[in-house]
Amino acid sequence: MIRRNTWITLGVFGVVLIAAIFVRLRQQAEPEPTPAASLEPLWQVESSEIATLTVEDLQAGTVLQLERDPEDLWQIVLPEALPADPGRVERAVSWISAPTPRAEVLAALDLTAFELDQPHYRVEIVLRDGERHEFSVGRTSPTGDSRYASTPDRPGVQILSLVGLEEVLNLAADLLPTPTPESTPSPSLAPTTGTPTTPGPSPEAGTTETPSPSGGAEGTPTP
């Protein structure tokens, strides 16, 4: 007869074996990202050649569009015409002139896991000669310091560091004025208009009211 300790040992061994198989299968199912050292930028242009920058927040349904005017200053075009802080815009334009991924997942075929089937943001630049480049931004990576992105000009999924990406994604928050909340009118303290009512005379003491044949009340002396 097999002893009880032997059954416990076999059970523990079986659990460890199943866990090892599960981890191995999961590692094979998840494509490993390519190190950033061997990656090229999504595109590379001169920052001075960027004429238009558009950032769409697809979850909030808002659009920020910036244009470079003939004097090389930046102006907000959408959601309304406003001047823009040129230094703040240039920080974003400097990064987006050559956005380089820190890693990428070339074998990613299903964009749902990265929330790129319904992306959170879409970023586009237009150069002076009309050339266009764009990428979409999905969810934050498990490390919390990057976000997944994809571009029509490149296969797979790219992983962009938040250090540069947020210079672009936070442009609307940094440039647009904060809306002033509407004040709620306080209730009026003025007295209401109308005709004041005066209480009628009360029955005289010592009388009671008895109904009259016509439906009214007559005063009858009380003995």
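Derivation of every value follows stated rules applied to the coordinates shown; laboratory data play no part. No experiment lies behind these values; they were computed from the predicted model shown. Cβ placement follows ideal geometry from the backbone for every residue including glycine, while neighbour counts extend to all protein chains displayed.
Between T178 and R139, the modelled labels are 3.1 nm apart [label points 7 Å from Cα along Cα→Cβ].
For L106, the residues 5 or more places off, or on other chains, whose built amide H falls under 5 Å of its own are T34, V157.
Ordering I125, I159 from the fewest to the most neighbouring beta carbons within 10 Å gives I159, I125.
Charged neighbours of T62, selected by a Cβ distance under 15 Å, balance to -4 (K, R count +1; D, E count -1). How large is log10 of I(q)/I(0) for segment 32-175 at q = 0.16 Å⁻¹ when the intensity is taken from the Debye formula with one equal scatterer per alpha-carbon? With one equal scatterer per Cα and no solvent, log10 I(q)/I(0) is -0.82. Annotation: extensible slack from L162 through T100 equals 21.2 nm (criterion: 0.36 nm per residue apart, minus Cα-Cα distance).
Once the chain from A51 to D72 is taken as fully extended at 0.36 nm per residue, the excess over their C-alpha distance is 6.6 nm. The label point for D85 and the one for D129, both projected 7 Å from the Cα toward the Cβ, are 3.4 nm apart. Were the residues from R154 through Q65 laid out at 0.36 nm apart, the gain over their Cα-Cα distance would be 29.6 nm. Between L39 and T112, the simple spin-label model (points 7 angstrom out along Cα→Cβ) gives 2.5 nm.
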